[in-house]
1. Before we move on, is B:M1 at pLDDT below 95 and within 9 Å of chain A (Cβ to nearest Cβ)?
2. Within the range B:88-104, track down each residue that is out of contact with any helix residue (DSSP H, G or I) (no Cβ under 6 Å at 6 or more places or on another chain) and either under 20 Å from C:Q113 (Cβ atoms) or more than 10 Å from every other protein chain (Cβ to nearest Cβ) (or both).
3. Please determine, by comparing only the residues of the range A:214-225 that are buried (at least 19 other Cβ atoms within 10 Å of the Cβ) and among the aliphatic types (A, V, I, L, M), which one is farthest from B:T37 (Cα to Cα).
4. Given the conditions (1) part of a helix (DSSP H, G or I); (2) surrounded by fewer than 16 Cβ atoms within 10 Å (Cβ to Cβ); (3) at pLDDT 90 or above, and given that C:T263 satisfies all but one, which numbered condition is not satisfied?
5. Which of (1) farther than 30 Å from B:R259 by Cα; (2) within 13 Å of chain B (Cβ to nearest Cβ); (3) polar (S, T, N, Q) does C:Q143 not meet, given it meets every other one?
6. Check B:A241 against each of (1) in a helix (DSSP H, G or I); (2) within 14 Å of chain A (Cβ to nearest Cβ) and name the one condition it does not meet.
7. When you go through B:T39, B:T33 one by one, which is the residue that is among the hydroxyl-bearing types (S, T, Y), within 12 Å of another protein chain (Cβ to nearest Cβ), within 23 Å of A:G195 (Cα to Cα) and crowded, with 19+ Cβ neighbours inside 10 Å?
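The values are calculated or read from the model by the stated rules, or taken from the named source; none is laboratory data. These figures come from a predicted structure and were not determined experimentally. Because the Cβ atoms are built from the backbone with ideal geometry, glycine has one as well, and the counts that use them run over all protein chains shown.
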Amino acid sequence: MTPYLAIIGARFRMLLQYRVAALAGVWTQVFFGLVLVMVYEAFYRSARASAQPIAFAQLASYVWLGQALFAMVPWNVDSELRAMVKTGAVAYELCRPVDLYGLWFARAVAQRTAPLVMRALPLAVFAAVILPALGLSGWRLTAPPSLAAGAAFAAALVCAVALACAMSTLINIVLLWTIAADGVVILWTTAVSLGSGLTIPLPLLPDGAQAVLRWLPFAGVFDLPFRLYTGALPAGALASVLARQLGWTVALVLLGRRLLARGLRRIVVQGG
Amino acid sequence: MIDALRLYAHYVRASVRGQLQYRASFVMSAIGTFVITMTESVAVWALFERFGQLRGWTLPEVALCYGMVSISWALCDALSRGFDHFAELVGSGDFDRLLLRPRPIAFQLLAQELTLRRIGRLVQGVLLLGYAAGAIDWTVPRALLLVAAIASSACAFLGILVLQATSAFWTINALEVWNAFTYGGVTMSQYPLAIYRSWFRALFTFAIPIGCTIYFPAVAILGRADPLGTPAITGWLAPLAGPAYLALCLQIWTLGVRRYRSTGS
Amino acid sequence: MRGARSGGVAQIIVEGLVKTFRIAERTPGLWGALRGLARRRYREVRALDGVSFSIERGELVGYIGPNGAGKSTTVKTLAGILVPDAGRCEIDGRVPWRDRIAHVARIGVVFGQRTQLWWDLPVIESFELLRDIYRVPPARYAQRRDELIARLELAPLLDVPVRQLSLGQRMRCDLAAALIHSPDLLFLDEPTIGLDAVSKLAVRDFVRKLNTEDGVTVILTTHDMDDIEALCRRVLVVGHGKVLSDGPLAELRAKVTRERWLTVDLVDADARVDEADTRLVRRAGARLCLAFDPEVVAPAELIRRITARHAVRDLFVEDPPIETIIARLYGSHA
């Protein structure tokens, strides 16, 4: 367990050094959040609010949760690993006496969770406390409507992290063995951004699109936990959400391990 | 002046030649940017599908704003690599080399690279304009105003990047704060300025002229009355704000360079 | 160019340059970082503490000293990059930092560690860009370019992107690039660092000819004492922000120490050598090096004493290496 914890710990320590950069990032995300909330508010005031699948107050919370947990979405790839492959240093990774998939999964955990330390809390504080203090309470991050909703969110969030890391690890593995890596990254980033609710909150997409997206893995990272938080999905739906999240997590982990093993065998054969 | 223009053209030729050596990477990058920006456009379309209109603005009208800001940001982004990556230049000591050449520093930074892969976003902007063009009653003055507004907005964005580069003399870690105004500013300007709260509009009209350099000309090009109640001439005068702001930012930049040379690296 | 403007004012006049840097102090640990957010502590470093010298047109001057002694600060000030806190400097009648563009148009600078050429472009295209930056007329450029290509043997390199050049090739191209606009004054900062022996000789040869035949004033900043001994008749030693020595190399030696070194190769590697009036500098088996003061014991006398007592295969007398001289000079002013 220790080597995995060491990787995660190192990432946390490194990010703590860049406090100023983190604060600057928080400021940028505050700005983005404000713009998005204002835009959606303007849309809501243009139509009959009751006809929407999600109330504006819930959408505002959705937006702020998205900003706070932004780093969790596996839209970017591990550039260190890619560089290692390019230079051939990945051979060193293969020589380590630990389970390689586990190692890379730990890297993904670090990449997906460490940045949250410096960003999630300040953003949450801004959206929940400072906005109402400024007289903008219509835009704020509200608390979950019930204890059950909060608990459901917490459970779904943990599984969302696992799912995000499984996705992260998978894409990193896939990239090792593809020639047109740039093209794959483009497709991946687009799919993840759209499917998770990062580009636009899924409840605002056409109903037909939502029907498809809610079964894809991407939705389990952001959209489903956020809906539980805001109450757009009742707490009772937790079982279904968890099933989807865990189902995809297991599938992607198994797929990742299989691909990695196959790829390793290829390298060993070619390396000679 | 002619000499400076000829030198700039020479820099551009050299920069393009250098980038074309990595043709595959450039093409993939351009396509990637195009796909990502088009995805964002699809999101806007989806919002109009659901809500029908945006405080009285239709999708083609918003597409006009969106297309204008996409093109102006793509232009600025293509020209401004020297300023955007200025922190690296200072850190590596290569900035000293610029001081050793008998040309203004800002000129050298502007000429440093014409980043070709920004064409991905440029094409997206042009497509949006194409979509919006059908809803507009075109006249020659309006077409010229469109060009002026895009150029002016590009100047405004460039001004922000000049300020970002100036701040690199003092801090390297905090540079990301400017992303709020560049990337955030682009997102904000995609929609008509009128939909935002009055204090937000005021900030981006009087303090940083992004958004207003798109919005007011767009209103004039569309030939509609401004819901904010400004006189019709506003749209035609708005393009002056961008270059004026850039000139101001360059003055601040000059002060920054002076301070760097006095205190050393 | 040679003797074009003779008599009267020196080309470079430097008087009492003072430059202090404020360096932020970082306290380690979390508590230190938090405190650092509130109040920054600064350390003052006096990089230049009253530097004065003057250089005539056509001189080839070495500018040496330990790291942190103020060398690069001086060069940056003379080049017009830095503005000093106090003091006066005039180069060809211009104040470098005040008339930056006019000043840098007439100087060339080569940094050994960093190239000024465009990384992805063929060498010749870098030259052409520089021609336009420095506004060199086309005819003069063509002549100058061909001359530099011939003298530095750059013909096979012209179409090669700079990133593919070896260090030695890149240094020759950087030298040419710095001279495209025919400057009167050339700053060389570590020009032979990392170069192989052949390239070093080529660079030294070129710089020497540039100075003696074309009359270009050269200021050479380097840690490589072989460069100094090969090229410079005059050496400025700077330390602790001051000029510690200014004059010919021989004078520098004499100023610091009279000491000379006798190196002896003994037949018997284990022989015990215990010689009065000498100090053992180093010993490696059969070869040992003894320092002595020629006014206390004459070289001939010392040689006679040693050869009388030991079987000697070979011996020679030399001056202490210049690094030792500099270190002593620097240490004596600490």
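1. no
2. Passing the criteria: B:E88, B:V90, B:G91, B:S92, B:G93, B:D94, B:D96, B:R97, B:L99.
3. Taking the candidates together, the pick is A:L224.
4. Condition (1) is where C:T263 drops out.
5. Of everything listed in (1) farther than 30 Å from B:R259 by Cα; (2) within 13 Å of chain B (Cβ to nearest Cβ); (3) polar (S, T, N, Q), C:Q143 misses just condition (2).
6. With (1) in a helix (DSSP H, G or I); (2) within 14 Å of chain A (Cβ to nearest Cβ) applied to B:A241, the lone miss is (2).
7. So the residue among B:T39, B:T33 that is among the hydroxyl-bearing types (S, T, Y), within 12 Å of another protein chain (Cβ to nearest Cβ), within 23 Å of A:G195 (Cα to Cα) and crowded, with 19+ Cβ neighbours inside 10 Å is B:T33.
Residue-wise test of (1) modelled with pLDDT under 95; (2) among the charged types (D, E, K, R); (3) in contact with a helix residue (DSSP H, G or I) (Cβ under 9 Å, 6 or more places away or on another chain); (4) not in a helix (DSSP H, G or I).
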residue	(1), (2), (3), (4)
C:R135	no, yes, yes, yes
C:R145	no, yes, yes, no
C:I149	no, no, yes, no
C:D159	no, yes, yes, yes
